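Reviewing the structure listed below.
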Amino acid sequence: MHRVIARSASTSAESTTTQPCCSSASPHVHQDSSPLKGRFVLPAAEWQQLLASHPGKSPEEVLFSLITPASKLARPPISGYHVGAVALAGSGNVYVGVNIEFPGTALNNSIHGEQYLLVNCLHAGESSIRALAVSAAPCGHCRQFYSEIKDADDLEFIFGKDARPKFLNDLLPERFGPADLQDEPFPLLLEQQSNSVAWSPEAEAAMAEAGRRGDSAFAQAAGEALAEAQKCYAPYTRCHSGAAIITTSGGVHSGGYIESAAYNPSMSPFHAAVVAAVTAGGLPDGYGQIREVVLAERPDAPVQHAANIRLLLQAVAPAARLTVLPTRKA
């Protein structure tokens, strides 16, 4: 275990009704008068009301109309290019995804709008996605990322000048996917995962010390990081890991590692936790509101996230602390 860099002294209240919308690293907050109202999820009942208020329009066309307000929630301080993605999930809820960029870091740390969307659905417990509308044609990176989900071939992609659905086989024919790396069937992304992960004795000692200090936020973050590792999607390397962000207002937001058969499109647990934080309104004034990141990962795993997270924090949240809690196979 190692802890680096001091705590941030600033504080800020978290919000769930308004969201940042700017191309800067410290985005301003805008009021959204669209059906989304600055939210990253539109409940099923509101979606049905929206459909009823647009007679003569198909669900795909109405979904397509939400792209513009969704894109205003993006955080692209490097490119200035706002991506909005909107999906109708199996539950009937509609979810939003946007692109996220980290100034002062390599471009491959960016979160693509379609990636954000899939993680948003995952965090909400969705098991399927019916249709996805996005600002522009998904890049190859995202097409590959969506190859990991159950029923990937049935997912409708909507983009371009019309709302005519396209499918993954159209966008990525003869693709490399999960079946190319695994001979036996296994739970795909959005299906339930159960990984045998537990704390090491060193991590248990750190947890006990946190309890003696009365650090409830750290205890919650550590618990969530472990839970994320236990349910993360890492079928190829089995390097199960999870992370939790503690904000300066005391909020805790977590995410788990998500692998791709193509490796490069994989998403770190920190990036997944950033999605959770932005979705919940936990970082309204930018990444400087990250007070601490708690990472749960196996110290002997061939895939490690601590070094990259440390570099990211040095660039976007230099006052934040990184705590790595080692795990073991349960």
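We did not get these values from a lab; they are worked out from the coordinates using the rules stated. Because the structure is predicted, anything quoted here is derived from the model rather than measured. For neighbour counting, all protein chains shown are included, and Cβ atoms are generated from backbone atoms with ideal geometry for every residue, glycine included.
Return the long-range amide H neighbours of residue 42 (sequence gap of 5 or more, or a different chain), with a cut-off of under 5 Å between placed amide H atoms.
For residue 42, the qualifying residues are 94, 95.
In nm, what is the difference between 0.36 nm times the number of residues separating residue 311 and residue 48 and their Cα-Cα distance? Could you put the intermediate results ahead of the total?
On the way: separation 263, 0.36 × 263 = 94.68 nm, distance 4.41 nm.
Fully extending the segment from residue 311 to residue 48 adds 90.3 nm.
Add +1 for every Lys or Arg and -1 for every Asp or Glu among the other residues with Cβ under 14 Å from the Cβ of residue 181, and state the total.
Values: positive: 175, 238; negative: 148, 180, 183, 184, 259.
Local net charge: -3.
Quick check on the chain: helices-only [θ] at 222 nm, where DSSP H runs of length 4 and up contribute -39,500 (n - 2.57) each and the sum goes over total residues. Nearest 500, please.
-8000 deg cm²/dmol
For segment 119-265, what is Rg from Cα atoms divided by 2.2 N^0.38 Å, rounded to two decimals?
Working: Rg = 18.5 Å, N = 147, 2.2 N^0.38 = 14.7 Å.
Taking the Cα Rg and dividing by 2.2 N^0.38 Å, one obtains 1.26.
Based on Cα positions only, what radius of gyration and what Dmax would you give for segment 197-329, in angstroms?
That works out to 13.8, 44 Å for Rg and Dmax.
Would you list 239, 142 from fewest to most Cβ contacts within 10 Å?
Details: 239 19, 142 25.
The order, fewest Cβ neighbours first, is 239, 142.
Looking only at the chain, where both bridge partners belong to it, what percent of the DSSP beta bridges are antiparallel (to the nearest 5)?
Details: 34 of 46 bridges.
If we restrict to bridges inside the chain, about 75 percent are antiparallel.
Going 7 Å from the Cα of residue 200 along its beta-carbon direction, which residues of segment 292-318 have the amide nitrogen within less than 18 Å of the resulting point?
Answer for segment 292-318: 294-310.
Taking the Cα centre as origin and putting +1 on Lys and Arg beta-carbons and -1 on Asp and Glu beta-carbons, what dipole magnitude results for the chain, to the nearest 20 debye?
Numbers: 24 positive and 31 negative charges, 175 e Å.
In total the dipole reaches around 840 debye.
Quick check of the Kirkwood formula: for segment 115-196, what is the inverse mean of 1/r over all pairs of different Cα atoms, in Å? Don't skip to the answer; put the middle values down first.
Details: mean 1/r = 0.0733 Å⁻¹.
Taking the inverse mean of 1/r over all distinct Cα pairs, segment 115-196 comes out at 13.6 Å.
If the chain between residue 171 and residue 216 were fully stretched, how many nm would it gain, using 0.36 nm times the residue separation less the Cα-Cα distance?
Details: separation 45, 0.36 × 45 = 16.20 nm, distance 4.67 nm.
Full extension of this stretch gives 11.5 nm more.
Rank the residues 267, 207 as a footprinting-exposure proxy: fewest other Cβ atoms within 10 Å of their Cβ go first. Don't jump to the answer; show the numbers that get you there.
Numbers: 267 23, 207 18.
Least crowded to most crowded, the residues run 207, 267.
Which semi-axis lengths, in whole Å and largest first, follow from the square roots of five times the eigenvalues of the Cα gyration tensor of segment 16-180?
Numbers: eigenvalues 105, 97, 37 Å².
Square roots of five times the eigenvalues give 23, 22, 14 Å.
Picking from 249, 49, 280, whose Cα lies most toward the positive end of the charge dipole for the chain (charges on Cβ: Lys, Arg +1; Asp, Glu -1)?
249
On a straight-distance basis, which lysines could pair with residue 329 in a cross-link, Cα separation under 28 angstrom, same-chain partners fewer than 8 positions away excluded?
Those lysines meeting the cut-off are 150, 231.
Work out how far the C-alpha atoms of the chain reach from end to end along every principal axis, then list the three figures in whole Å, largest first.
For the chain, the Cα spread along each principal axis is 62, 49, 35 Å.
Out of 50, 63, 88, any idea which swings most in a Gaussian network model of the chain, alpha carbons joined below 10 Å?
50
Give me, ordered by chain and number, the residues 5 or more places off residue 167 or on other chains with an amide H under 5 Å from its own placed amide H.
157
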